[in-house]
1. Binned at 10 Å from 0, what are the whole-percent values of the Cα-Cα distance distribution for the chain, short to long?
2. Name the residues of region 110-144 whose amide N is less than 15 Å from a point 7 angstrom out from the Cα of Lys53 along the C-beta direction?
3. Under the classification rounded if a/c is under 1.5, otherwise prolate if a/b is larger than b/c and oblate if not, where does region 29-80 fall, given a ≥ b ≥ c as square roots of the Cα gyration tensor eigenvalues?
4. Would you please give the FRET efficiency between Arg146 and Phe179, computed as 1/(1 + (r/R0)^6) with r the Cβ-Cβ distance and R0 = 25 Å, to the nearest 0.05?
5. Taking the mean number of other Cβ atoms within 10 Å as a proxy for protection, how do you rank 185-196, 112-123, 53-64 from highest to lowest?
6. What's the local net charge at Thr81, with K and R +1, D and E -1, over the other residues with C-beta under 14 Å away?
7. Excluding Pro57 itself, what net charge comes from residues whose Cβ is under 13 Å from its Cβ, given Lys and Arg +1 and Asp and Glu -1?
8. R0 = 45 Å: FRET efficiency of Leu207 with Arg154, Cβ-based, nearest 0.05?
Amino acid sequence: MKISSMKSFIVIAATLFASSSFANQNRRVVLEMGQGGEHYRGQQTLPLKRMIKAQHPNIRLDRFDLLKVRVVGKSKRGNGTATLTVGQRASHPVYLNGNRDDFHVNAPYTWDRHVIHNPKNNSNGPWQIQLQGNIKIKRIVAVLDRAIVQPPRRVEASCKVTLETLWGSDIKKFRATAFGRTSHHAKQNACDEAMRQCRNSRLNVRLTKCSVN
């Protein structure tokens, strides 16, 4: 292989790898909490959305659903817990194992790992991790899925307006059909259009009125 061809291949491979990494990152968001982990005591709440935006400012969380989180941490006595809450729903707490001797050691074997699934069937509301105990958290991995955007709902309705004399004799009827977000909104849009047509015709006929049927 020629040197120029090899350079081209390397550039293409690097570009594909970068694109793939960016796409995966949008679905698997890694939050690094420090080499030795962040230390938390008592009851603490980790605002997951805010933390994701702080480390990954370009991600649009409104376009994704939260599937699950992977928590890498440990507790000093092995009885610390982590709970995932989404909106008002909370998962079952998971226990982060550990002991006093290894609490300040950063070796891989000292860290406990748990996967906590989203307790809701949607991702509306705050995403939070509730901690209880003497705990260190080294890494949080949020697994996201691209949300399916539903098209706005459109409802169709019709309305009829009658041009009549002031003493109640019909002259002409006008009918219009329109769309709206709700049946009431669609009906209002249709009546507005039918009323507009009637009033335009009424200009040439005296002693008349437009009435919605």
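1. Going out from 0 Å in 10 Å bins, the chain shows 8, 21, 17, 12, 11, 11, 10, 7, 3, 1 percent.
2. Residues 125-128 fall inside that zone.
3. Prolate shape, in that a/c is at least 1.5 and a/b is the bigger ratio.
4. Plugging the Cβ-Cβ distance into 1/(1 + (r/R0)^6) gives 0.30.
5. 185-196, 112-123, 53-64
6. +4
7. Result for the local shell: +4.
8. 0.70
No value in this document is a laboratory result; all are computed from the given coordinates. Bear in mind the structure is a predicted one, so any value in this text is a computation, not a measurement. Positions of Cβ are generated from backbone atoms using ideal geometry, with glycine treated the same way; all protein chains shown enter the neighbour counts.
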